[in-house]
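Here the structure is laid out as structure tokens; the discussion comes afterwards.
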Amino acid sequence: MEKDTHVLDRPPEGAAADWTIPQDWGRYTAHEHAVWDTLYARQAKLLPGRASAAFLRGLDALQLSTSGIPNFEELSERLMKLTGWQVVAVPGLVPDDVFFDHMANRRFVAGNFIRRADQLDYLQEPDVFHDVFGHVPMLADPAFADYCVAYGEGGKRALQLGGLGYLSRLYWYTVEFGLIQQDDGLRIYGAGIVSSASESHFALEDASPNRLGFDLQRVMRTEYRIDDFQQNYFVIPSFDALLRVTVETDFAPLYDAIKPLPDIKIADILPDDVVITRGTQAYARRRDGVVG
């Protein structure tokens, strides 16, 4: 497999000690701006009626419909006025401690590169479209923005408590692949869904995945895979509720309680789960070549 060119183990030359680099917006080519515009137009058609109200408000408030890859300085100026967050460029995936420190200080790290035109449907590593289109609109929502700050603070503590693996599952099943129950039905807010045309459909409309009520300990015990559609989606009742359970929970005893327990397999449904949709798991069986 070709080595990812944006997965690094040390800051490259020219990066600051906190791994940030200039976005250098002027270097983007017309072709790269066109890739953004193609991806944006596709998602803009799909997301009304599927994305959460908070995500759609964020898109509008941050003026992401403007043609071309956003300029991080201009984007940060608008975002700062709403929730105090800013967007900073990094050369690729950064170490956990760096990531958590930026989040705790209301800095969202975003890759400054964009996928090629032949990678529109899938990219293993997050690019500027996933990071900015997928994540940043939700940071315009005050409750979700505060949740991400709390997550960053909790991440720094998790590194000391040996709870990083459990906390990463919380991020995966909320920030990346979360669903929310609105008055008008289930909606998507996770960046991995809203930035993906195929998963925008799959997460809400396919019969295959489980859709379960959010429970903090349950989520932190649940395995996931990074290379395909999810087999579980967890549904929060509101962003205020997600923030509240995060800031009101002492994670140290929670980690201690979880560590002796087995991980929960991806497609398992437990007796005390709140089952919103019991999935057929048909997609996973097809993927794995299982008949019946």
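The values are calculated or read from the model by the stated rules, or taken from the named source; none is laboratory data. Predicted, not measured: the structure shown is a model, and the values here were computed from it. Reconstructed Cβ throughout: ideal geometry from the backbone, glycine too, with neighbour counts over all protein chains shown. Quick note on the areas: whole protein, heavy atoms, side chains included, nothing else; ligands and nucleic acids left out. Shrake-Rupley method; radii C 1.70, N 1.55, O 1.52, S 1.80 Å.
Here are the numbers for the structure shown:
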| quantity | calculated |
| --- | --- |
| 1.4 Å probe accessible area per residue over the chain, in Å² | 46 Å² |
| Protein accessible area in segment 153-258, 1.4 Å probe - carbon and sulfur % | 48 percent |
| D_trans [Stokes-Einstein, Kirkwood Rh over alpha-carbon pairs] for segment 115-200, 20 °C, 1.002 mPa s, µm² s⁻¹ | 151 µm²/s |
| For segment 96-109, Karplus couplings with θ = phi - 60° (6.51, -1.76, 1.60), whole Hz, Gly/Pro x | 4, 5, 5, 4, 5, 5, 4, 4, 4, 10, 6, 10, 9, 8 |
| Residue 182 paired with residue 27, simple spin-label distance in nm, labels 7 Å along Cα-to-beta-carbon | 3.8 nm |
| Exposed-site-free run, longest, the chain (rule: trypsin sites (Lys or Arg not before Pro); DSSP loop; at most 16 other C-beta within 10 Å) | 4-115 |
| Whole-Å semi-axes of the ellipsoid equivalent to the chain (Cα gyration tensor, √5λ, descending) | 29, 23, 19 |
